[in-house]
Each structure stands twice: as structure tokens, then as C-alpha cells.
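Some notes on the structure that comes next.
The values are calculated or read from the model by the stated rules, or taken from the named source; none is laboratory data. The structure presented is a predicted model; accordingly, all values stated were derived computationally and were not measured. We place every Cβ from the backbone using ideal geometry, glycine too, and count neighbours over all the protein chains shown.
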Amino acid sequence: MANGILLVLSGPNLNLLGERQPEVYGHDTLDDHLAVVEAAAAAQGLDVEHVQSNHEGELVDAVHGARGRCSAILVNLGALTHYAWSVHDALAAFEGPVVEVHLSTPAAREPWRHTSVVAPVADGTIAGLGAEGYRLAVEAVATLLAR
């Protein structure tokens, strides 16, 4: 497996961060969050690749493409978190660490958001901390890779 590449997956509507429901997701854009990831990853010696898609199949393809090439995956599937079993299955076939991150706290929101199909195949989940969650997720990835 190629070392040092962190794939960041961003699901549907995350391209609208900063505009869509800022009272829930904050005013930072996806680019702002990626800047946090890139700075934290660089400090850990990791390169970052990013895929954002509003289409489940494209995210599955990105996970398949990461197999044997990327060291770890940081994933925020947005609403797909709660029902994208195809992404679950793809992540289950990935050999490296997977860390799930959410800007808000899904467990404190609508009942349909309380279940994550990613959690069973993730090494950990960080939720509710905004951009800080992305930084912490990168640190978690680095810790898991060092094991």
C-alpha cells in the first residue's frame, strides 16, 4: 500500500458549506475545511487527495481507487452517512484506517440522522466540532497509521 496519501471524501451538499444552513454547519466553506486538513496532514507527513461528489457511485469509485494506493480515508458523507450501504461496503474493503467526521452532532439532530452506516467500518468518528473535527480526524489517522 502506498504510504502517505490521505483520501478525503466529501458527500452530497458539502460543496455548499458556508452557504447552506450556517446555523448548523458554520460559515466555513469546504475549501476552508480542506485547508485545515491539508495543514494538519502536512504536519504529519501526509499528502491529501480530495473527492467531493453529490453522487453515491462516484464516492464508491473513489474508495475503490484508493485501495492499495492510499494509506487512509477521512470521510464525511453528509446525508449519505445514514443510508449509503454501497459506500459502507466499499469502505469495508479498504485496507487502511477510516475516520468518519461530521461538522454537526448527528445524534443531537433528527432521528433519521442518528444511525451511521459508516460507523461500523470506521476506526472512529469525530462529530460536532466543526473544522476542529477535521484537524482531530487527521491526527487520529496519523496515530492509527503509526500503530
Check: Any chance the stretch 126-141 includes a residue that's hydrophobic (A, V, I, L, M, F, W, C), farther than 21 Å from Gln44 by Cβ, modelled with pLDDT under 95 and not in a strand (DSSP E or B)?
Finding: no
Scanning the stretch 24-39 for residues that are in contact (Cβ under 8 Å) with a residue 24 or more places away in the chain and within 14 Å of the chain's Cα centre (by Cα), the one surrounded by the most Cβ atoms within 10 Å (Cβ to Cβ) turns out to be His33
The number of residues in the stretch 65-74 that are under 12 Å from Leu9 (Cα atoms) and touching a helix residue (DSSP H, G or I) at 6+ places or on another chain (Cβ under 7 Å) is 3
The residue from Glu58, Glu110 that alone is of a type outside the set (A, V, I, L, M, F, W, C) and either at pLDDT below 90 or touching a Phe, Trp or Tyr at 6+ places or on another chain (Cβ under 6 Å) (or both) is Glu110
